[in-house]
Amino acid sequence: MKITALTAQQKLPNRVNVMVDGVYRFSLDVYQVSDLGIRVGKDYTEKELVELEEESTFGKLYARALEYTMIRPHSAKEVRDYLWRKTRDTKVRSRTTGELREKKGVSQAVADRVFERLIQKGYIDDEKFARYWVENRNLRKGTSFRKLENELRTKGVFQELIQKNLQNSTRDQKSELLKMYEKKKNKYDDEKKLIAYLLRQGFPYDDVRDILKSSNLDQMS
């Protein structure tokens, strides 16, 4: 079987359609075409073409996963979960007929390769992710360290990294409480309900009591 044409895709010019014996077989990004030595006139066995199709799948998934990590930093667990979803078969609707058809998920081997490549390139780093999360989460609204800790734990970050970044944070627990108190104090006509809300957000009772006491003294003066 012979590569008979290489043509750039119209919507994605960085991807190249590979024609085998005059029929479209798969697409690769331009770097893969170069790295794999793909050229018109070159002969391949069926086994070799199947291997190239896997490279095509790898390239597509890596590009999507890279996009996912660039939106904002993600933990290793979040990326693993994202890639796992890509291994699941899904139902997709045909644009021409409107009928549902089953789309096969990628192989776990391809998903694992993508994960390892993202680590090698530095796009997955739980320490950087934990630092980002602690320093940027709910900056205006305020958030408790307890809530930040719980969120990071659910995202698969090790406790040691969580504690390290909370201890080194430029944020201060009482300042975070004050921000939330200022935003919520007028929404509660019952002080007990306000206290209960702030406690549910993970702030220590003593800190909540102190800030309410201070606020009441300010109002009286």
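Laboratory data are not the source of any read-out in this text; all were calculated from the coordinates shown. What you see is a predicted model; the values in this text were computed from it and never measured. In this analysis, Cβ positions are derived from the backbone assuming ideal geometry, glycine residues included, and neighbour counts consider all displayed protein chains.
Here the simple spin-label model places points 7 Å from the Cα toward Cβ, and for Gln159 and Leu199 these points are separated by 2.5 nm.
When only Cα pairs below 8 angstrom with a gap of at least 6 residues are kept, the chain shows a relative contact order of 13 percent. The alpha-carbon of Lys187 sits under 19 angstrom from the alpha-carbons of these lysines, leaving out residues fewer than 8 places away in its chain: Lys141, Lys179, Lys213. One equal scatterer on each Cα of the stretch 62-127, no solvent, Debye formula: the resulting log10 I(q)/I(0) at q = 0.12, 0.23, 0.29 Å⁻¹ is -0.37, -0.92, -1.24.
Under 17 Å between alpha carbons, and skipping anything fewer than 8 positions from Lys42 in its own chain: which lysines qualify? Candidates past the 8-residue exclusion: Lys2.
For the stretch 43-156, the alpha-carbon coordinates run over 59, 37, 19 Å along the three principal axes, in decreasing order. The H on the amide N of Asp29, modeled in the peptide plane, is under 5 Å from the matching H of Val16, each at least 5 residues off or on a different chain. The simple spin-label model puts a point 7 Å past each Cα toward its Cβ; for Thr87 and Lys2 those points are separated by 4.0 nm. Springs between Cα atoms under 10 Å define the GNM used for the chain, and in it the highest mean-square fluctuation of Glu135, Glu102, Glu67 occurs at Glu102.
Ranking Tyr197, Tyr31, Val18 by Cα position along the charge dipole of the chain, where only Lys, Arg, Asp and Glu carry charges on their C-beta atoms, puts Tyr197 farthest toward the positive end. The candidate values were [x] 35; [y] 51; [z] 30; the one computed from these coordinates for percent of Cα pairs over 29 Å apart carries the label [y]. Springs join every pair of Cα atoms under 10 Å in this Gaussian network model of the chain, and among Asp35, Asp21, Asp43 the largest mean-square fluctuation is at Asp35. Extending 7 Å from the Cα toward the beta-carbon at both Lys77 and Asp43 defines two label points whose distance is 5.4 nm. Taking amide H positions as modeled 1.01 Å from N, with prolines and chain starts lacking one, the residues under 5 Å from Gly105 and 5 or more places away or on another chain are Asp89, Thr90.
The slack in the chain from Glu51 to Tyr68, taken as 0.36 nm per residue of separation less the alpha-carbon distance, amounts to 3.6 nm. Geometric descriptor of the stretch 1-44, per residue, is 57 Å³ (volume of the convex hull of the Cα atoms). For Lys103, the lysines whose Cα falls under 27 Å of its own Cα, not counting residues fewer than eight places away in the same chain, are Lys11, Lys47, Lys60, Lys77, Lys86, Lys91. Per 10 Å bin, what percent of the C-alpha pairs of the stretch 126-220 does each bin hold, from zero upward? Using 10 Å bins, I get a P(r) of 16, 46, 26, 11, 1 for the stretch 126-220.
The fewest-to-most ranking of Lys11, Lys47 by surrounding Cβ atoms within 10 Å reads Lys11, Lys47. Legend: ranking of residues Leu66, Leu148, Leu161 from fewest to most surrounding C-beta atoms inside 10 Å; resulting order Leu66, Leu161, Leu148.
Taking each residue as 0.36 nm, the span from Asp210 to Ser94 lengthens on full extension beyond its C-alpha to C-alpha distance by 35.7 nm.
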